[in-house]
1. Looking only at residues in the stretch 1-38 that are assigned to a loop (DSSP other than H, G, I, E, B) and among the aromatic types (F, W, Y), which one is nearest to E97 (Cα to Cα)?
2. Would you check if S7 is out of contact with any Lys or Arg (no Cβ under 6 Å at 6 or more places or on another chain) and either surrounded by 12 or more Cβ atoms within 10 Å (Cβ to Cβ) or of a type in the set (S, T, Y) (or both)?
3. In contact (Cβ under 8 Å) with a residue 60 or more places away in the chain, more than 11 Å from Y93 (Cα to Cα) and more than 15 Å from the chain's Cα centre (by Cα): is that true of L18 in this structure?
4. So which residues in the stretch 55-93 are under 13 Å from V113 (Cα atoms) and either free of Cβ contacts under 8 Å to residues at least 60 places away in the same chain or in contact with a Gly (Cβ under 7 Å, 6 or more places away or on another chain) (or both)?
5. For T89, which of the numbered conditions (1) open to solvent by less than 60 Å² (accessible area, probe 1.4 Å); (2) of a type in the set (V, I, T); (3) under 17 Å from L4 (Cβ atoms) fails to hold?
6. Can you say whether L47 is open to solvent by 20 Å² or more (accessible area, probe 1.4 Å), hydrophobic (A, V, I, L, M, F, W, C) and at pLDDT 95 or above, as far as the supplied structure shows?
7. Enumerate the pairs (first residue in the stretch 103-117 and closer than 10 Å to E87 by Cα and in contact (Cβ under 8 Å) with a residue 24 or more places away in the chain; second residue anywhere and of a type outside the set (S, T, N, Q) and surrounded by 18 or more Cβ atoms within 10 Å (Cβ to Cβ)) with beta-carbon separation below 7 Å, excluding pairs fewer than 6 apart on the same chain, so at least 6 apart or on different chains.
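The values are calculated or read from the model by the stated rules, or taken from the named source; none is laboratory data. Since the model is a prediction, treat every value here as computed from it, not as a measurement. Backbone-built Cβ (ideal geometry, glycine too); neighbour counts: all protein chains shown. With ligands, DNA and RNA removed, areas are computed over all heavy atoms of the protein, side chains included. Shrake-Rupley method; radii C 1.70, N 1.55, O 1.52, S 1.80 Å.
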Amino acid sequence: QEHLVESGGGLVQPGGSLRLSCQASRTITYIWFMSWYRQAPGKERELVAETSLSGDRYADSAKGRFTISRDNAKNTVDLQMNKVTPEDTAVYYCRAERRTFPLTDLWGRGTQVTVSS
């Protein structure tokens, strides 16, 4: 069964850094959209960052602080989080989409990030 596995979450102090990683169990080629979402308690899941052939895009809250990167040879996508704030506390999910046939949409189970002193 195809799946994604996130890692790297944990407790970090405000102003600190954290790097999340996502490993796909299948081949992810350059045509796939790879992204990170997050969901805070009581809030809807939201897009944090996405990378594709069209380039990278970020939520306004992530611009200038987070960087998404992918390694197609390793089937991984990372999210480097810098200057984190308590508002970044959430469960972070990895997503891999193929938007051409055969359409495929994979999600990880999430990794908790808690920003607190």
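1. For the stretch 1-38, the residue satisfying everything is W32.
2. Against the criterion (out of contact with any Lys or Arg (no Cβ under 6 Å at 6 or more places or on another chain) and either surrounded by 12 or more Cβ atoms within 10 Å (Cβ to Cβ) or of a type in the set (S, T, Y) (or both)), S7 qualifies.
3. It is false that L18 is in contact (Cβ under 8 Å) with a residue 60 or more places away in the chain, more than 11 Å from Y93 (Cα to Cα) and more than 15 Å from the chain's Cα centre (by Cα).
4. V84, E87, D88, T89, A90, V91, Y92, Y93
5. If we test T89 against (1) open to solvent by less than 60 Å² (accessible area, probe 1.4 Å); (2) of a type in the set (V, I, T); (3) under 17 Å from L4 (Cβ atoms), just (3) comes out false.
6. So L47 passes the test.
7. Cβ pairs passing all conditions: V115/V12; V115/V84; V115/D88.
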